[in-house]
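The values are calculated or read from the model by the stated rules, or taken from the named source; none is laboratory data. These figures come from a predicted structure and were not determined experimentally. Here the Cβ positions follow ideal geometry from the backbone for every residue, glycine too, while neighbour counts run over all protein chains shown.
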Amino acid sequence: MSVAYTPVGWNANKIFYDVALGLAVAAYLWIFMAVAEGMAPGARFDDATIEMRAYGSCAFLMLSAILCIGPLARLDTRFLPVLYNRRHFGVMTCFVAIMHARHVIAWYFAFSPVDPYVALLSSNTSFARLAGFPFELLGVAALLVLTLLAATSHDFWLNFLTPPRWKALHMSIYAAYACVVAHVSLGALLTPQWQAMHVVMPACALTVVALHLAAAARQARLDRTATMANEAVGWIDVGEASGIADGRAIIVPLSDAESVAIFRNGDALGAIANACRHQNGPLGEGRIIDGCVTCPWHGFQYRLEDGCAPPPYTEKLATYNLRSANGWIQLDPRPNPPGTRVEPLHAPARP
Ligand code: HEM
Ligand code: FES
């Protein structure tokens, strides 16, 4: 909702999400270290190795979880709240990965005759061999990408780069994940000693791939159904006009990717796309404040009659046509171009 950049403030949801995530990470690290030390009395592994593995495995699990959130939210809308604030999840993952790398450098390369960072980049050049491949460099590549994405995760960069470029940049998370999978496969997994990572890593990687395939298949099915529905287009009955409370909305799903929010503002009803232009917040769960539909997540506002953010802001949503038939509201599922003005449907409010 910005002419230039408008910062998005903290709210209770964001704080809860971050605190819960921080506690989960702290609990994982604490349990990992306690269990690993308990399993290795007399130090089969030294403390530095245990800490390095705790941070490395935590970063890997977090990255896997981040990549699962998108397809899960597409497969089941109950995962949508986890999608919200996923960027903070990414930034926290980057911090945990940096801690892993710091432990590696402080332990593996600290005693090298050259600078530890030079040693990290130059001590192993066996690129032609699988066993003994400098897998650390794959970790370096992944960490560079994670740091770039964390550094550009703020809304300022989304605005500055424009959403399509920002999105394209952030798709490199998949390259980072591939590097991490190779990093672990050519490093920890090639050690003869059995460790949980031998099972955890392939299980996570397969889950990420399987969820993406399932979400893509479902999306293709929905797209086909939506195309058929649009071809055989007809008005949809969405309920009684009196069923919408003043200032509130009902949400009408058209497909899994598209839903419409029908709001009441006094005697006037209007329909706009349900996904907020900011971060896809569910507008239909918001309410009308100061005459505008207000997003429940960060407060972006839109006029009900044309889906436009009030000046000086520039965001626009698609609008939809409504009509009334025997006290029932009917919705035309074909969206109007974003910002199209639609005459409100007049229907008396609930007595
Ligand atoms: C500068 C970057 C990095 C360096 C130098 C590095 C180095 C290492 C080294 C030397 C090991 C082997 C530890 C051992 O078992 O003895 C290791 C393991 C591992 N690394 Fe990295 N790494 C880096 C980045 C990353 C990143 C970004 C991730 C994940 C997001 C990651 C995840 C892991 C995991 C999961 C293991 C296996 C831990 C285990 O055995 O339980 N690493 N790394
Ligand atoms: S204001 Fe952020 S998602 Fe709507």
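Of the residues R277, R323, which single one is of a type in the set (K, R) and either away from ligand 2 (no atom under 11 Å from the Cβ) or touching a Gly at 6+ places or on another chain (Cβ under 8 Å) (or both)?
Working: R277 fails: either away from ligand 2 (no atom under 11 Å from the Cβ) or touching a Gly at 6+ places or on another chain (Cβ under 8 Å) (or both).
Just a single option satisfies the conditions, and that option is R323.
Would you call C58 under 30 Å from E315 (Cβ atoms) and part of a helix (DSSP H, G or I)? Before you say what the answer is, go through the steps one by one.
On the way: under 30 Å from E315 (Cβ atoms): no; part of a helix (DSSP H, G or I): yes.
Spelling it out, it is not the case that C58 is under 30 Å from E315 (Cβ atoms) and part of a helix (DSSP H, G or I).
Filter the range 255-312 down to the residues that are of a type in the set (D, E, K, R) and either within 16 Å of ligand 1 (Cβ to nearest atom) or over 22 Å from L158 (Cα atoms) (or both) and list them by number.
The first filter runs over the range 255-312 and keeps only residues of a type in the set (D, E, K, R), leaving 256, 258, 264, 267, 277, 285, 287, 290, 303, 305-306.
Residues satisfying the conditions are D256, E258, R264, D267, E285, R287, D290, R303, E305, D306.
So that you can scan it fast, the table gives a plain yes or no per residue for (1) at pLDDT below 85; (2) assigned by TED's automatic domain parsing to the domain that holds L213; (3) surrounded by 16 or more Cβ atoms within 10 Å (Cβ to Cβ); (4) more than 20 Å from L189 (Cβ to Cβ):
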{"residue": "G38", "(1), (2), (3), (4)": "yes, yes, no, yes"}
{"residue": "A43", "(1), (2), (3), (4)": "yes, yes, no, yes"}
{"residue": "D47", "(1), (2), (3), (4)": "yes, yes, no, yes"}
{"residue": "R86", "(1), (2), (3), (4)": "yes, yes, yes, yes"}
{"residue": "I105", "(1), (2), (3), (4)": "no, yes, yes, yes"}
{"residue": "V114", "(1), (2), (3), (4)": "yes, yes, no, yes"}
{"residue": "S122", "(1), (2), (3), (4)": "yes, yes, no, yes"}
{"residue": "A128", "(1), (2), (3), (4)": "yes, yes, no, no"}
{"residue": "F135", "(1), (2), (3), (4)": "no, yes, yes, no"}
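Restricting attention to the range 160-202, which residues are of a type in the set (S, T, Y) and closer than 17 Å to L146 by Cβ? Write out each step before concluding.
From the range 160-202, those of a type in the set (S, T, Y) are 162, 172, 174, 177, 185, 191; that's our starting set.
Selection gives S172, Y174, Y177.
Give the range 182-224 a look and list any residue that's β-branched (V, I, T), within 16 Å of ligand 1 (Cβ to nearest atom) and under 19 Å from L63 (Cβ atoms), or say none. So that I can check it myself, show each step before the final result.
Taking the range 182-224 first, the residues β-branched (V, I, T) are 184, 191, 199-200, 207-209.
Of the ones still in play, those that are also within 16 Å of ligand 1 (Cβ to nearest atom) are 184, 191, 199-200, 207-208.
Of everything in the range 182-224, those that are β-branched (V, I, T), within 16 Å of ligand 1 (Cβ to nearest atom) and under 19 Å from L63 (Cβ atoms) turn out to be V184, V199, V200, T207, V208.
What are the residues in the range 325-342 that are surrounded by fewer than 17 Cβ atoms within 10 Å (Cβ to Cβ) and in contact with a helix residue (DSSP H, G or I) (Cβ under 9 Å, 6 or more places away or on another chain), if any?
G327, W328, R334
Can you pull out every residue in the range 120-176 that is touching a residue at least 60 places away in the same chain (Cβ under 8 Å) and either touching a Lys or Arg at 6+ places or on another chain (Cβ under 7 Å) or acidic (D, E) (or both)?
S153, D155
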